[in-house]
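The values are calculated or read from the model by the stated rules, or taken from the named source; none is laboratory data. Predicted, not measured: the structure shown is a model, and the values here were computed from it. No Cβ is skipped: glycine too gets one built from the backbone with ideal geometry, and neighbour counts run over all protein chains shown.
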Ligand code: G4P
């Protein structure tokens, strides 16, 4: 075991997900507040600037008021070192969310108490389920009128198909919000208005058995309701079971109000106890233990032009084992090259801090001259393994790219190739027609806009996109055995190849996929591409 195992075991790395406006940004900011990374006065002012800064990564985000890129924040709290991975708030970027979740050990799902499970919560949750990671639920905005608590839990269970276990329970809501009851310690933690978090609040902790104090703080009516609800709850809700939490089958639920700072620290304290230290990661040589001496990491995200002032590309990697030292030589496994990682940094919103060392569980960004791909492994030079790749989502929308100014072919190819390497789009070419036209496939249609915008702004190339009717893509699994030229499909089928020359088929409807399989005995098709 590494002698820096202590450092590693202090780490907690999680992603935060929510439907836009549920309070993800506010909650994250309050975490930082409790971690001492920002101060109270700064937080209110800091909010607008922090948001602005993050959004500045891409102009398009500002225009549409949504965050399509994700960032990483690190802070310390109570002897823990915490890494928060922000996820994009738009459904068209669920692939990006999936990759971010690959780098996290658990996820925090923020839900607006007056809205319950919203469209985007559902989509993001599905991605969490694919990744099978523990999910912690924070029901926010209790200082506003909220839906019935039992109904909220019921909705989570029914809509998302995960059992819930309330760790605490709200007493009233909106103007009548009094605080929460902590089930483990059987105490009531009282709420006080902090005027939108601009002033310090005062909380009291009252044992549930202390009737007098309870009456004085929450009143007879609230007390009566609380007692009834506790009884109901103890009979009806799932038992807390850490194993079920860790396998993603049970979500611990917390209530609070991020805006007024209430319930955030209580959440953080419970959450940090319940969530795991950095987990072992699967490689082709079995699981790699994070506390192993040797450094290893994998790339989960590549992002260009995060900041207009630095026209560069950053590869984000999750450290999976050991300690990273800025001067050490490492091996980029897929490139089979020993190298030093250039300008290793931690990204705090849009600010960057060059770092000297980091440990398993941490996320670092390194300057990428165009050599890394998503899913790549970085290890010590002598190591002989690679981490399991990150699957690519099948694109569901396709368009032919027409370049307006044919003189700029080189810039166009460079731009579109680089954007494809980041994983935001996938590019294809006609199969054996000799045409050099490019077909682009995306998971969410907003990526078409991003592509067009970025080509214009970063590469000075104007394009026109002509949408194609295809919605289903299949990779040919046994391409060595199949003569693609001879394949007979349906009239709506299109043969293309990816940039590595692999043949693929595009279809308008699933029926044609089945028909093509029938007509070509022995043909094996797959819905997933692999990127390493
Ligand atoms: P997001 O990142 O999930 O999109 O949500 P964000 O934190 O930006 O919060 C969305 C809105 O909800 C913000 O108001 C924020 O102040 C408010 N909010 C967050 N948590 C709470 C809470 O616990 N209680 C109440 N009452 N409101 C909350 P806004 O008006 O859109 O922005 P701003 O003018 O406050 O910056």
*For residues that are over 23 Å from residue 373 (Cβ atoms) and not in a loop (DSSP other than H, G, I, E, B), tally how many sit in region 84-129.*
19
*Quick check: is even one residue across region 110-118 at pLDDT below 85, surrounded by fewer than 24 Cβ atoms within 10 Å (Cβ to Cβ), touching a helix residue (DSSP H, G or I) at 6+ places or on another chain (Cβ under 7 Å) and in the same structural domain as residue 250 (by TED's automatic domain parsing)?*
no
*Which residues, taken from region 350-387, are surrounded by 15 or more Cβ atoms within 10 Å (Cβ to Cβ), at negative phi, in a loop (DSSP other than H, G, I, E, B) and touching a residue at least 40 places away in the same chain (Cβ under 8 Å)?*
350, 360, 362, 368, 372, 373, 374, 376, 380, 383, 386
*Selection status of residue 106, modelled with pLDDT of 90 or more, assigned by TED's automatic domain parsing to the domain that holds residue 269, surrounded by fewer than 23 Cβ atoms within 10 Å (Cβ to Cβ) and under 13 Å from the mean Cα position of the chain (by Cα)*: yes
*Candidates 121, 97, 137, filtered to the one that is in contact with a strand residue (DSSP E or B) (Cβ under 9 Å, 6 or more places away or on another chain), within 21 Å of residue 320 (Cβ to Cβ) and either within 16 Å of the ligand (Cβ to nearest atom) or free of Cβ contacts under 8 Å to residues at least 24 places away in the same chain (or both)*: 97
*Report the residue count in region 10-32 for those that are modelled with pLDDT of 95 or more and over 17 Å from the mean Cα position of the chain (by Cα).*
2
*Please find, within region 239-265, the residue that is farthest from the ligand (Cβ to nearest atom) out of those that are under 30 Å from residue 198 (Cβ atoms) and in a helix (DSSP H, G or I).*
265
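Provide a single number: the residues in region 323-338 that are in a strand (DSSP E or B) and either touching a helix residue (DSSP H, G or I) at 6+ places or on another chain (Cβ under 8 Å) or closer than 21 Å to residue 357 by Cα (or both). Give the derivation first.
To start, the set of residues in region 323-338 that are in a strand (DSSP E or B) comprises 323-325, 329-332, 337-338.
Filter once more, so that each one left must be either touching a helix residue (DSSP H, G or I) at 6+ places or on another chain (Cβ under 8 Å) or closer than 21 Å to residue 357 by Cα (or both): 323-325, 329-332, 338.
Number satisfying all stated conditions: 8.
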*Looking at region 480-504, which of its residues are farther than 21 Å from residue 438 by Cα and surrounded by 14 or more Cβ atoms within 10 Å (Cβ to Cβ)?*
482, 487, 489, 490
*Condition test on residue 180, is it away from the ligand (no atom under 16 Å from the Cβ), more than 30 Å from residue 364 (Cα to Cα) and assigned to a strand (DSSP E or B)?*
no
